[in-house]
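The values are calculated or read from the model by the stated rules, or taken from the named source; none is laboratory data. Here the structure is a predicted model, which is why all the values come from computation and not from measurement. All Cβ positions, even for glycine, are placed from backbone atoms using ideal geometry, and neighbour counts span all protein chains on display.
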Amino acid sequence: MGKNLANKILDAHLVSYDAKSNLMRIRMDCTLTQDATGTLAYLEFMRMGADKVRTDLSVSYVDHNTLQNGFMNADDHRFLQTVANKYGIVFSKPGNGICHQVNLERFAVPGKTLIGSDSHTPTGGGMGMIAIGAGGLDVACAMAGMPYAIVKPKIVGVQLKGRLKSGVSAKDVIIHLLRLLTVKGGVNKIMEYYGEGVASLSVPERATICNMGAELGATTSVFPSDERTREFLALQGRQNDFKPFERDADSTYDEDIIFDLSEVVPLASCPHSPDNVKPVSELSDLKVDQVLIGSCTNSSYSDLAKAASILRGKKVHKDVSLGIAPGSLQVLKMITDNGILRTFLDAGARILETACGPCIGMGQSPKTNAVSLRTFNRNFHARSGTVSANVYLVSPETAAASALAGHVASAEGLDLTAFDKAVSYPIDSSLLIFPDCTGEVEMGPNIKPLPDFDEFENGPAAISDGDMRGFSAKVMARLGDNITTDDIMPAGADVLPYRSNIDKISEFVFCKRLPDFVGHCKEWGGNGVIIAGSNYGQGSSREHAAIAPRYLGIRAVIAVSFARIHRKNLINFGILPIECKLPDDFSAEASADTISIMLNREKIRICASNGKHAEVANNLTDEEYELVMCGGLLNKIRKGGANG
């Protein structure tokens with residue numbers, strides 16, 4: 001029997017596979033970092049003592065923290081550039097564009113593997129790559145030449161038939177899948193797209209679908225490398241990078257999904273979750289205050305060309321603020337050369353920097369109680385920077401039509417072809433700095449050393465019982481389902497400048513959801529535990545959502561289930577993830593209960609101060625158990641261990 005595409009690429013990069021733990025170790029060809037997570041990743045890489053990167057290619061992008069309202073972001077940009085030059089990493093300067101858009105244009109190669117310290121790294125799957133988002137420490141290990149360990153994913157075959165109707169977008173395809181599968185439906189799975197409908201989708205459209213596959217919780221998503229891939233690479237002047245990669249005709253999948261692209265309708269992800277989906281037709285009475293077109297999901301030339309076709313010769317509604325952020329310097333040059341930029345300006349749009357910007361909460365916060373339509377990938381509560389705002393995720397076509405109407409409107413039946421003429425793709429590498437492996441690393445005063453964490457048995461309030469070891473702890477928070485990394489460690493202009501200063505950034509943990517959390521942790525001064533529901537830690541790959549709580553004394557998280565990246569980040573910093581559902585009467589209230597946690601290799605026992613107790617199997621692999629016991633991955637590496 002033949003192989004599907006995902007397994008072809010995984011098998012070609014397989015270093016080892018352990019059937020008992022179901023863990024596979026994958027050789028990573030390339031790495032990607034961005035400035036919000038990259039500073040910590042490079043501090044970790046330097047801590048390992050490596051003299052240079054061991055990958056085929058590593059690229060450091062500055063696209064998240066481009067708002068320079070003080071010295072801190074500019075200092076970190078300089079740190080990133082000097083680190084890149086010293087250790088052999090390509091550096092993409094501020095203004096060059098969003099990492100995933102630029103990587104697709106300049107560096108993505110079919111059949112290769114990529115690991116990035118950004119959860120939307122799977123965008124590269126639109127180019128036929130296995131591209132995986134991870135915490136910065138895992139990316140640092142990959143740069144040092146260590147394989148990446150993941151639970152062997154199930155491969156879900158998504159067969160596409162037909163083609164999209166005019167006014168319906170690739171964004172609607174992935175929102176349709178989110179409605180079908182939910183934000184938990186892709187955990188430990190790879191979504192592989194195939195079928196006759198694939199040929200109707202361009203590489204940017206495929207990238208959009210792969211990008212928001214992260215919202216399914218998927219390990220990654222992948223499209224074949226075919227004639228459409230060759231066309232895109234030719235436009236980028238990279239014809240020699242093309243290689244055909246497709247599934248074998250007789251290959252099978254662990255799960256199968258079939259749907260017809262012609263039946264997809266314009267959709268919107270409603271507040272405050274990407275899987276809270278409604279047809280646009282049901283939202284036509286909803287008045288719109290703000291529309292933003294951009295982000296790594298929808299800022300390609302083709303996205304902006306369709307939006308401009310709708311806006312051409314018209315004016316944005318008087319009550320709507322429209323902002324547009326091109327995804328890269330290349331895209332900005334293209335829309336400048338062919339009149340799209342003038343179309344946006346004439347329509348009354350605001351032109352934003354080629355960066356992540358408002359998607360990461362970096363400016364453009366909407367007004368109080370606003371309805372904001374965004375072509376972004378996440379609409380978590382308060383992520384926009386305005387706690388009372390309601391954010392809807394839509395396609396560029398729906399966004400443009402709604403900006404004109406002043407309410408949610410469909411683009412079906414509108415002309416999307418005004419800028420469909422052939423265009424040239426300018427190749428400009430002037431903002432890419434290629435390393436010469438010389439010089440010294442420059443660190444500003446806000447860049448602080450990484451904290452050291454105790455080994456498991458050396459922590460405070462340690463207890464033991466036979467071969468079981470553990471600790472007494474205070475329950476610091478009791479939370480529900482789908483807690484996001486934005487809930488745990490918010491982004492935005494107030495927080496992100498401290499990403500290289502763990503002591504300072506820890507003051508913001510749960511600040512928007514649990515304002516007293518940090519104070520309780522400091523008052524207790526010992527071991528803390530968080531209790532939560534299912535899918536704890538969904539969203540961003542930011543490892544600050546693990547390391548900052550660890551710095552505050554959090555030693556364990558008890559949850560019904562965990563998001564893939566966050567679970568690994570917890571283990572990497574010595575936080576014990578316990579997967580179980582506690583009885584409703586297990587303890588009385590958050591911030592008041594004392595519990596004890598004991599474990600050995602086989603089981604974990606949890607005892608509450610009210611006499612209730614629970615015992616569950618220890619589902620950590622041998623290597624994960626060792627990492628927790630030694631206080632995290634950096635401790636293990638310093639002792640001479642290898643990455644898992």
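The table below gives the values:
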{"item": "Residue in region 78-85 that is part of a helix (DSSP H, G or I), at pLDDT below 95 and assigned by TED's automatic domain parsing to the domain that holds V222 present", "result": "no"}
{"item": "Looking only at region 267-319, and only at residues there that are assigned to a loop (DSSP other than H, G, I, E, B) and polar (S, T, N, Q), the one that is nearest to R383 (Cα to Cα)", "result": "S273"}
{"item": "Verdict on I190 being aliphatic (A, V, I, L, M), within 23 Å of the chain's Cα centre (by Cα) and not in a strand (DSSP E or B)", "result": "no"}
{"item": "Verdict on F242 being at pLDDT below 95, over 25 Å from the mean Cα position of the chain (by Cα) and under 30 Å from E196 (Cα atoms)", "result": "no"}
{"item": "Meets criteria (in a loop (DSSP other than H, G, I, E, B), among the β-branched types (V, I, T) and either surrounded by 17 or more Cβ atoms within 10 Å (Cβ to Cβ) or in the same structural domain as G167 (by TED's automatic domain parsing) (or both)) for T229", "result": "no"}
{"item": "Test: residue in region 384-406 that is at pLDDT 95 or above, in a loop (DSSP other than H, G, I, E, B), within 27 Å of T336 (Cα to Cα) and out of contact with any Leu (no Cβ under 9 Å at 6 or more places or on another chain)", "result": "yes"}
{"item": "Selection status of K448, surrounded by fewer than 22 Cβ atoms within 10 Å (Cβ to Cβ), more than 24 Å from S365 (Cα to Cα), among the basic types (K, R) and not assigned by TED's automatic domain parsing to the domain that holds N618", "result": "yes"}
{"item": "Boolean, L67 is surrounded by fewer than 24 Cβ atoms within 10 Å (Cβ to Cβ), modelled with pLDDT under 95 and closer than 25 Å to M362 by Cα", "result": "yes"}
{"item": "Qualifying position, being β-branched (V, I, T), over 18 Å from L393 (Cβ atoms) and assigned by TED's automatic domain parsing to the domain that holds T229, among V168, V158, V173, V183", "result": "V158"}
{"item": "Single match in V83, V62 (criterion: among the β-branched types (V, I, T), surrounded by 21 or more Cβ atoms within 10 Å (Cβ to Cβ) and in contact (Cβ under 8 Å) with a residue 60 or more places away in the chain)", "result": "V83"}
{"item": "Checking K52 against (1) surrounded by fewer than 20 Cβ atoms within 10 Å (Cβ to Cβ); (2) in contact with a Gly (Cβ under 8 Å, 6 or more places away or on another chain); (3) more than 26 Å from P122 (Cα to Cα), the condition it does not meet", "result": "(3)"}
{"item": "Residue among R106, R78, R54 that is of a type in the set (K, R) and closer than 18 Å to A140 by Cα", "result": "R54"}
{"item": "Test: T368 is in contact with a His (Cβ under 8 Å, 6 or more places away or on another chain) and of a type in the set (S, T, Y)", "result": "no"}
{"item": "Selection status of F434, closer than 30 Å to R605 by Cα and in contact (Cβ under 8 Å) with a residue 24 or more places away in the chain", "result": "no"}
{"item": "Top-ranked residue of region 488-528 - restricted to ones that are outside any helix (DSSP H, G or I) and in contact with a strand residue (DSSP E or B) (Cβ under 9 Å, 6 or more places away or on another chain), ranked as nearest to F79 (Cα to Cα)", "result": "V509"}
{"item": "Looking only at region 539-552, and only at residues there that are part of a loop (DSSP other than H, G, I, E, B) and within 21 Å of the chain's Cα centre (by Cα), the one that is surrounded by the fewest Cβ atoms within 10 Å (Cβ to Cβ)", "result": "G539"}
{"item": "Qualifying positions in region 380-404 - surrounded by fewer than 24 Cβ atoms within 10 Å (Cβ to Cβ) and of a type in the set (S, T, N, Q)", "result": "T386, S388, N390"}
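Residue-wise test of (1) of a type in the set (A, V, I, L, M, F, W, C); (2) over 23 Å from the mean Cα position of the chain (by Cα); (3) surrounded by 24 or more Cβ atoms within 10 Å (Cβ to Cβ).
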residue	(1), (2), (3)
K512	no, no, no
H520	no, yes, no
G537	no, no, yes
I554	yes, yes, yes
V560	yes, no, no
N569	no, no, yes
F573	yes, no, yes
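The rows are residues; the columns are (1) in contact with a Leu (Cβ under 8 Å, 6 or more places away or on another chain); (2) in contact (Cβ under 8 Å) with a residue 24 or more places away in the chain.
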site	(1), (2)
A491	no, yes
V495	no, no
S506	yes, yes
K522	yes, yes
G528	yes, yes
I547	yes, yes
H566	no, yes
